[in-house]
Amino acid sequence: MTPLQIAVTLAGVAAIVWVNWYFFLAAQRPVVASGAGTGPQSVRIVVDGGYSPSVVTVEAGRPVRLEFERRESSGCTEEVVVPDFGIRTFLPAHRITPVQFTPTRPGTYEFTCGMGMVRGRLVARAGKGGPA
Amino acid sequence: MDTAATSRDQCTIPVSGMTCAACSARIQRTLERHAGVSGANVNLMTGAATVTYDPTATTPGDLVSAIRATGYGAELPRPEQSAESLVALQDAARAEEIGELKWKLAVSLAAGVLAAVVSAPLMVATEHEQDPLTAFMMPLTVLVRHLAPWAYELSPLVLRLILLGLTVPVVGWAGRQFYTRAWTAFRHHSADMNTLIAVGTGAAFLYSLVATLAGGWLRARGVEPHVYYESVLWIIALVLLGNLLEARAKGRTSGAIRRLIGLRPATARVVRDGGEIEVPLAALRVGDEAVVRPGETIPADGVILDGASWVDESMLTGEPLPVRKEPGHRVVGATLNRNGAFRYRIDRLGADSTLSRIIGLVQQAQGARAPIQRLADRISAVFVPVVLSIAIATFVLWFDLGPEPASLNALVAAVTVLIIACPCAMGLAVPTAVMVSTGRSAELGILIRGGEALERSEGLQTVVFDKTGTITAGRPVVQQVLTREVPSAELLRLAASVEQLSGHPLGEAVLAEAERQGLELDTASELEVRTGRGVLGLVAGHRVAVGNRAFMDEIGVDGSPLSDEADRLAVEGQTPLLVALDGALAGLVTVADPVKVESAEAVARLHGMHIETVLLTGDGSATAAAVGRAVGVGRVVADVLPEGKLAEIRRIQQEGRVVAMVGDGLNDAPALAQADVGIAMGTGTDVAMEAGAITLMRGDPRGVAEAILLARRTMRVIRQNLFWAFVYNVIGIPVAAGALYPAFGLRLTPTMAAAAMAISSVTVVSNSLRLRRLGGRAVAHSERTAHV
């Protein structure tokens, strides 16, 4: 092997490691939904090639209101699906579309685009008033 | 392309309490001054405010509060309107996307063709590519040499600059979306199809740019300054073509919902202040009286007050024959009034209406995720980063081990891997099929609650029918009148007269028959009802008793003269009612719940599909066995109490069989829930729609086989889609990486990869769209039961 080949190989290995680290392991900080008491816990999620925040923490047993603000018109994100709650909604571009449901049990629920490529997670924790 | 964020919405708000033009003007002024409102129109006659507003500045809820603050009543726009406007928005967005894609595609294609012409002389200059595409392009090279010999006089540098000039607008405008979307996704630590296209074409473009502007620098380092502008152009053109076809096809997958929503008329003719006026549907209120003329669509659910007609309910039930409607009958919004006119009272609007519930169920079904999708989900979540990794590895392997020019081959192979990988096919495989299938079946009057119901229905082994209302009509009807001396009409008249107040279903059958024959009933006095046995009373001076054999014994009437007849008829599934006149047996009337004419065929079809059938009933064994024989059902379980139905389903499940329960969804809800697939079946639009995993809107038991068939076909299409999507990627990616090169010298060009990718996702969507042609055979030759 020439020094150049060795360099390219090492660079390639480094690139693969970086790609997998960046897409799978790099931290995505969860955002806690706002709203106390018994009303809905709401959080604004910006849809722009992805969901930000993409991880939302809520309290189980209380209604959750995800306000999707779609800032693009790419066809990919035109629908949002929350499969565990049977929700498939069209998100008009440049608007805020609320989606409301109640995770009765603690757990992790996904929300994705219509094709399941763009995804986010809703982490429902056992709340003070909710079931343990 | 993202348009400016000034968006406008419109909503119609029903307003009540307006009495004069001053009221409407006042509300209109209030609305017009409200922040975010760009226009308002309040109509006194229709009682509705139509408001145009900026959805980022205000909401319909704010507008309603503003109207209420002026002292008038207002309600939020009903959900079906938002469903309608959402569909309209979605259509508009899709139309815009398609229009834009067409332009971009046209420009990219034109640039691609020009680039092919300009590249021809360059290809001769650098004849190291011997792939199939180059061979395919050779005739073009000859043609260009013939038609445009001047092109060959130009220096390679000039040719490359022309190609660069063609590529820049395509990359910067037509293909811009790939790069911007890839970048926004990247910022979110996520990657999608755009990432692959952007990295692939970006690498090819940047390399070509260096080769064009600093060819000498590359050559000095032993790398041929080859350019790949043409590939970049064709990849972008082909991916845009794929996106265009996909956008069109995706628009069709939700066509069924659109058709359902489109069924609703725009206006209704209501009676207000003694006159008839047209009002927009949004301004209707519960309690309004509306008038429907022949050929008009019924605007909302309600009950007929006067007039009569035949109504075509096929759009909701799949039932092809019009249904007779008279005062007291229910009519359903969105169905079509055929030939009569009637006035009716609206009693359900908005989310409660039948159409809204159907639309809601279908939308919910389309949003629910099928279990079979889990694998596809898991793969698509890691797909793009894995493909990026494979592309990098491909580059390294070609660079280290491949033939010269190693760096060029490595670049081409890596780009080809990125371009051929198609996560879209996998993402579209299940949802498109579920959407098309649930939408299509809704049109056939079969509501399926999503992917899971489809999956379970496919594997059904046993179908349990509740007898009453599913296999039989659910309404007992008089079958025979046997009499000894009194004329049969007189016997029926007397029996009906005492049964007038009994309220028993069998008694009601006697009453209905007397009414059908136009018999005048007498009032009965000294009425005595012995629950479950019979009834006794004084009619026109005669003591009349109607009941079973035990009842006759009880009141000292000898039932033996007709006992043979009674036993024989009981075996045939009829229930004999003995009639005594002044203490002596006068005759008997038999009543039975008639078997639907479709039932035998429904059972036979299931047997033909290798599905076992069971009849479950609370009736006595003689009646149950008679019905079982009539329809050819495999096994009969009689004398079952309501709780027993649930236990029977459990018992069959414990045998390891996958069971469907078919019932009316009202009194057998627990059994429907216990079954692997609960099938709720009603008559006409009168169904407990939310009770089962599947709802048959039409009271035709053949719908059970139809639904299972539909599920089987859908699952087959889903499997084909998944298989195709997996196999495509599993074969395509290694071939693109050059897996066949060492043995066969075969490799793909990036352009071929782009064509393959575009075809693969379009194939999946088109395959799903085949489900639009599903079913409807039973619909074609349906007949109603004999006794309706």
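The values are calculated or read from the model by the stated rules, or taken from the named source; none is laboratory data. Note that the structure is predicted; figures quoted are calculated from it, not measured. Methodologically, a virtual Cβ is constructed for each residue, glycine included, from the backbone with ideal geometry; neighbour enumeration extends over all protein chains shown. Heavy atoms of the whole protein, side chains included, go into the accessibility calculation; ligands, DNA and RNA do not. Shrake-Rupley method; radii C 1.70, N 1.55, O 1.52, S 1.80 Å.
Here are the numbers for the structure shown:
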{"quantity": "Tally of residues being open to solvent by 70 Å² or more (accessible area, probe 1.4 Å), closer than 23 Å to B:Gly628 by Cα and in contact (Cβ under 8 Å) with a residue 40 or more places away in the chain across segment B:531-578", "calculated": "2"}
{"quantity": "Residue list for segment B:136-155, filter: assigned to a helix (DSSP H, G or I), open to solvent by 30 Å² or more (accessible area, probe 1.4 Å) and either touching a residue at least 24 places away in the same chain (Cβ under 8 Å) or within 14 Å of chain A (Cβ to nearest Cβ) (or both)", "calculated": "B:Leu140, B:Arg145, B:Tyr152"}
{"quantity": "Number of positions in segment B:330-352 that are within 23 Å of B:Leu76 (Cβ to Cβ) and surrounded by 23 or more Cβ atoms within 10 Å (Cβ to Cβ)", "calculated": "4"}
{"quantity": "Residue check for A:Phe68: more than 7 Å from every other protein chain (Cβ to nearest Cβ), in contact with a Phe, Trp or Tyr (Cβ under 6 Å, 6 or more places away or on another chain) and over 30 Å from B:Val223 (Cβ atoms)", "calculated": "no"}
{"quantity": "Scope segment B:188-203; condition closer than 20 Å to A:Trp18 by Cβ, within 14 Å of chain A (Cβ to nearest Cβ) and in a helix (DSSP H, G or I); matching residues", "calculated": "B:Asn194, B:Thr195, B:Leu196, B:Ala198, B:Val199, B:Ala203"}
{"quantity": "Any hit, segment B:248-257, residues being open to solvent by 30 Å² or more (accessible area, probe 1.4 Å), more than 14 Å from chain A (Cβ to nearest Cβ) and not hydrophobic (A, V, I, L, M, F, W, C)", "calculated": "yes"}
{"quantity": "Residue match in segment A:80-95 (condition: charged (D, E, K, R), open to solvent by 20 Å² or more (accessible area, probe 1.4 Å), closer than 19 Å to B:Thr59 by Cβ and at the interface with chain B (Cβ under 8 Å from one of its Cβ atoms))", "calculated": "yes"}
{"quantity": "Test result for B:Ile733, modelled with pLDDT of 90 or more, crowded, with 23+ Cβ neighbours inside 10 Å, in contact with a helix residue (DSSP H, G or I) (Cβ under 7 Å, 6 or more places away or on another chain) and not in a strand (DSSP E or B)", "calculated": "no"}
{"quantity": "Neighbours by Cβ (under 7 Å, 6+ apart or cross-chain): first from segment B:165-190, closer than 23 Å to B:Ala111 by Cα; second open to solvent by 60 Å² or more (accessible area, probe 1.4 Å) and part of a helix (DSSP H, G or I)", "calculated": "B:Leu166/B:Leu114"}
{"quantity": "In segment B:16-37, the residues that are surrounded by 14 or more Cβ atoms within 10 Å (Cβ to Cβ), modelled with pLDDT of 80 or more and more than 30 Å from A:Cys76 (Cα to Cα)", "calculated": "B:Arg26, B:Ile27, B:Gln28, B:Thr30, B:Leu31, B:Glu32, B:His34, B:Val37"}
{"quantity": "Set B:Ala524, B:Ala514: member being open to solvent by 10 Å² or more (accessible area, probe 1.4 Å) and on the phi < 0 side of the Ramachandran plot", "calculated": "B:Ala524"}
{"quantity": "Elements of type helices (runs of 4 or more DSSP H) contained in segment B:377-472, each with 1 or more residues being away from chain A (no Cβ under 13 Å), within 21 Å of the chain's Cα centre (by Cα) and crowded, with 23+ Cβ neighbours inside 10 Å", "calculated": "B:423-443, B:451-458"}
{"quantity": "Subset of segment A:100-123 that is farther than 14 Å from A:Leu66 by Cβ and at pLDDT 85 or above - its residue that is farthest from the other protein chains (Cβ to nearest Cβ)", "calculated": "A:Pro106"}
{"quantity": "First in segment B:620-637 and touching a residue at least 40 places away in the same chain (Cβ under 8 Å), second anywhere and open to solvent by 30 Å² or more (accessible area, probe 1.4 Å) and not hydrophobic (A, V, I, L, M, F, W, C), Cβ under 6 Å, 6 or more apart", "calculated": "B:Ala626/B:Glu572"}
{"quantity": "Residue identified as open to solvent by less than 50 Å² (accessible area, probe 1.4 Å) and at pLDDT below 85 among B:Ser231, B:Ser208, B:Ser190", "calculated": "B:Ser190"}
{"quantity": "Residue list for segment B:156-187, restricted to those being part of a helix (DSSP H, G or I) and within 14 Å of chain A (Cβ to nearest Cβ)", "calculated": "B:Arg176, B:Gln177, B:Phe178, B:Tyr179, B:Thr180, B:Arg181, B:Ala182, B:Trp183, B:Thr184, B:Ala185, B:Phe186, B:Arg187"}
{"quantity": "Residue within segment A:8-30 that is more than 12 Å from chain B (Cβ to nearest Cβ) and crowded, with 21+ Cβ neighbours inside 10 Å present", "calculated": "no"}
{"quantity": "Residues (open to solvent by 20 Å² or more (accessible area, probe 1.4 Å) and assigned to a helix (DSSP H, G or I)) located in segment B:258-283", "calculated": "B:Arg258, B:Arg259, B:Gly262, B:Leu281"}
{"quantity": "Residue list for segment A:59-79, filter: surrounded by fewer than 22 Cβ atoms within 10 Å (Cβ to Cβ), more than 28 Å from B:Gln177 (Cα to Cα) and not basic (Lys, Arg)", "calculated": "A:Glu59, A:Ala60, A:Gly61, A:Pro63"}
{"quantity": "Some residue of segment B:358-369 being of a type in the set (Lys, Arg), farther than 16 Å from B:Ala191 by Cα and within 14 Å of another protein chain (Cβ to nearest Cβ)", "calculated": "yes"}
{"quantity": "Filter result (surrounded by 14 or more Cβ atoms within 10 Å (Cβ to Cβ) and touching a residue at least 60 places away in the same chain (Cβ under 8 Å)) within segment B:286-313", "calculated": "B:Val286, B:Glu313"}
{"quantity": "Test: residue in segment B:104-124 that is in a helix (DSSP H, G or I), open to solvent by 40 Å² or more (accessible area, probe 1.4 Å) and modelled with pLDDT under 80", "calculated": "yes"}
{"quantity": "Out of B:Ser760, B:Ser766, sole residue that is part of a helix (DSSP H, G or I) and open to solvent by 10 Å² or more (accessible area, probe 1.4 Å)", "calculated": "B:Ser766"}
{"quantity": "Residue within segment A:47-56 that is among the polar types (S, T, N, Q), open to solvent by 50 Å² or more (accessible area, probe 1.4 Å) and modelled with pLDDT under 90 present", "calculated": "no"}
